[in-house]
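Student: Just passing along the structure, written as structure tokens.
Every number in this text was worked out from the coordinates using simple rules, so none of it is lab data. All values derive from a computational prediction rather than experimental measurement. All Cβ positions, glycine included, derive from the backbone under ideal geometry; neighbour counts span all protein chains shown.
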């Protein structure tokens, strides 16, 4: 079974500028695309798991999220890397957009997105890990029984090089 590298989006792959819902608002973190390629080259399937409450808040719709993810995948592929799947949770308790106002088992810190992707792609949790920038990311990884690495900012590829040394084999 392959191992998975689960990456948070805002604050890990791209700068967290507050509710990034379009390619025009996308600003890559230094080394992000190289980091995905490095993870691929070291045998990991790469997944993005992201809370997107901007949908529940009415800032953009799910189509915008899917279009942004498609463009991100294309830009990563242009550098030689592959994201095997993007997963997002548009829900938020007490959201202004009633359709999305609920507690969801996929919204981090819950592990739903990670567990669904592991089941769908046959991922081995023992060698898998998550890189996130928030405590909720770390909690989701723990609840999914995978290793976690908290990204403090900077160059993601440099961080990944070091993080790979701490990931259980």
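Student: Inspect all residues belonging to the range 39-58 and state whether any of them is within 13 Å of the chain's Cα centre (by Cα), surrounded by 15 or more Cβ atoms within 10 Å (Cβ to Cβ) and farther than 12 Å from residue 88 by Cα.
Tutor: yes
Student: Could you tell me which residue of the range 6-32 is surrounded by the fewest Cβ atoms within 10 Å (Cβ to Cβ), considering only residues that are over 20 Å from residue 66 (Cβ atoms) and in contact with a helix residue (DSSP H, G or I) (Cβ under 6 Å, 6 or more places away or on another chain)?
Tutor: Restricting to residues being over 20 Å from residue 66 (Cβ atoms) and in contact with a helix residue (DSSP H, G or I) (Cβ under 6 Å, 6 or more places away or on another chain), the top hit is 31.
Student: Filter the range 82-103 for residues that are touching a strand residue (DSSP E or B) at 6+ places or on another chain (Cβ under 7 Å) and part of a loop (DSSP other than H, G, I, E, B) and give the result.
Tutor: 82, 83, 84
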